[in-house]
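The values are calculated or read from the model by the stated rules, or taken from the named source; none is laboratory data. Note that the structure is a prediction, hence the values are computed from the model and not measured. Here the Cβ positions follow ideal geometry from the backbone for every residue, glycine too, while neighbour counts run over all protein chains shown. Heads up: the accessible areas ignore ligands, DNA and RNA and are worked out on the full protein's heavy atoms, side chains in. Shrake-Rupley method; radii C 1.70, N 1.55, O 1.52, S 1.80 Å.
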Amino acid sequence: MSFASTTSLVSTVQSSLRNAVLSKKSNFSLPLPAAAALAMDCDPNCTLVLCGKSPAENEAAKALKNSNALNLPESTEFSIFLQSESEKPVKEDAFGVDSFMSSLSTSRFGRFLLWSPRLPSTHDVVSKNFCELPVGAVCVADVQYKGRGRSKNVWESPEGCLLFSFTLQMEDGRVVPLIQYVVSLAVTEAIKDVCDKNGLPYVDVKIKWPNDLYLNGLKVGGILCTSTYKSKQFNVSAGIGLNVDNEKPTTCLNAFLRELSVTTYKFRSEDVLAAFFNKFEMLYEVFINQGFQSLEEVYYRTWLHSGQRVIVQEKSEDQVVENVVTIQGLTSSGYLLAIGDDNQMCELHPDGNSFDFFKGLVRRKLD
């Protein structure tokens, strides 16, 4: 093909995209399998690629594309493609969809995938389209520019960060607050699993209550779980950000490996995500059938707080009184269980005003 005809093809694709996104979303098809990759490279708006692990799930992806039912918040313009419409990703370091699917061994979670090179927020995609997606569906983005954390804190989401959100449904509202702990535990167990399979030294990622992940004293990840109640079910959207190959703004898994200077292996987002769902599905079954108590032993081995002494401020008349308590574990409702120097057991709640939970704890004495 001559240079002139190649330029003409690119111009035609760009023109088609511009026309398609006027209606905010598109499910058009172009004659070349590489058109989807070309579109991602040309389109300044968002692109979603849909696929499933099985033929039935791929048919569901096709039906969802053709239904034109997906929506992004704030009228974000976007285009939709099937994975089969793209021969290869635009960039070599893009999320490896095929590698992820081949490593996935779940029966429910992660089998229906929405991937995008750039999104406002993966969490918004799954929460806004919860009823259109199969339960267990996951949305992954290479970059997101409106990521958020607890209390509307902004979550920085540069390239190299594993960014994903997925859906699940729960019936018992009393245990919904505990799901974030199961997700946190699944992330740490997934990292251990990748290390074991590749003969890597132990990457000791720890859980900081309630929903942060730390490595060598620096934050490398966070979890955000939200829920709505509909038709006697809690529709839960779980969002995770994990620094895999981005050293900024703190550090990442691969920076830790480089410091050890013992391997040339690099963590890949698709491997970590597949390991996460393989672990999460098992942990979730235990959690639903046996309760969180069955996971507490391994959870406490992974978190930072057993035996930690913290200062709790309490108002007594017109004075603020400081009391020192020692963390023992979690209560059945998911708050911190602690004991004071007077041997009084208490439950610690965040006051909702502090960026750091441990600088804003409120004590409630337990009978």
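Counting just the residues of the range 159-214 that are assigned to a loop (DSSP other than H, G, I, E, B), touching a strand residue (DSSP E or B) at 6+ places or on another chain (Cβ under 9 Å) and not β-branched (Val, Ile, Thr), which one comes out surrounded by the most Cβ atoms within 10 Å (Cβ to Cβ)? Looking at residues that are assigned to a loop (DSSP other than H, G, I, E, B), touching a strand residue (DSSP E or B) at 6+ places or on another chain (Cβ under 9 Å) and not β-branched (Val, Ile, Thr), I get TRP209.
Go through the range 265-293 residue by residue and tally those that are more than 25 Å from SER103 (Cα to Cα) and either part of a helix (DSSP H, G or I) or open to solvent by 30 Å² or more (accessible area, probe 1.4 Å) (or both). Quick ask: steps written out before the conclusion?
Looking only at the range 265-293, we keep the residues that are more than 25 Å from SER103 (Cα to Cα), and these are 289-293.
With the extra rule that they be either part of a helix (DSSP H, G or I) or open to solvent by 30 Å² or more (accessible area, probe 1.4 Å) (or both), the set shrinks to 289-290, 292-293.
Within the range 265-293, residues that are more than 25 Å from SER103 (Cα to Cα) and either part of a helix (DSSP H, G or I) or open to solvent by 30 Å² or more (accessible area, probe 1.4 Å) (or both) number 4.
Among (1) outside any loop (DSSP other than H, G, I, E, B); (2) over 22 Å from MET170 (Cα atoms); (3) open to solvent by 60 Å² or more (accessible area, probe 1.4 Å), there is one condition TYR229 misses while meeting the rest; what is its number? Failing condition for TYR229: (2). VAL90 falls short on exactly one of the conditions (1) of a type in the set (Val, Ile, Thr); (2) modelled with pLDDT under 95; (3) open to solvent by less than 10 Å² (accessible area, probe 1.4 Å), and that condition is (3).
Within the range 45-56, if we keep just the residues that are modelled with pLDDT of 95 or more and more than 15 Å from PHE100 (Cα to Cα), the residue that is surrounded by the fewest Cβ atoms within 10 Å (Cβ to Cβ) turns out to be PRO55. Taken as a whole, the structure leaves TYR300 outside the set of residues that are under 30 Å from GLY173 (Cβ atoms), open to solvent by 70 Å² or more (accessible area, probe 1.4 Å) and of a type outside the set (S, T, N, Q). Restricting the range 215-226 to residues that are surrounded by 19 or more Cβ atoms within 10 Å (Cβ to Cβ) and under 16 Å from the mean Cα position of the chain (by Cα), the residue that is nearest to THR250 (Cα to Cα) is VAL220. Against the list (1) crowded, with 19+ Cβ neighbours inside 10 Å; (2) among the basic types (Lys, Arg); (3) closer than 29 Å to TYR284 by Cα, the condition LYS65 fails is (3). For the range 99-117, taking the residues that are modelled with pLDDT of 95 or more and open to solvent by 30 Å² or more (accessible area, probe 1.4 Å), the one that is nearest to GLU59 (Cα to Cα) is identified as ARG111. Criterion applied to GLU296, GLU347 was being at pLDDT 90 or above, outside any helix (DSSP H, G or I), in contact with a Leu (Cβ under 9 Å, 6 or more places away or on another chain) and acidic (Asp, Glu), and the one residue passing it is GLU347.
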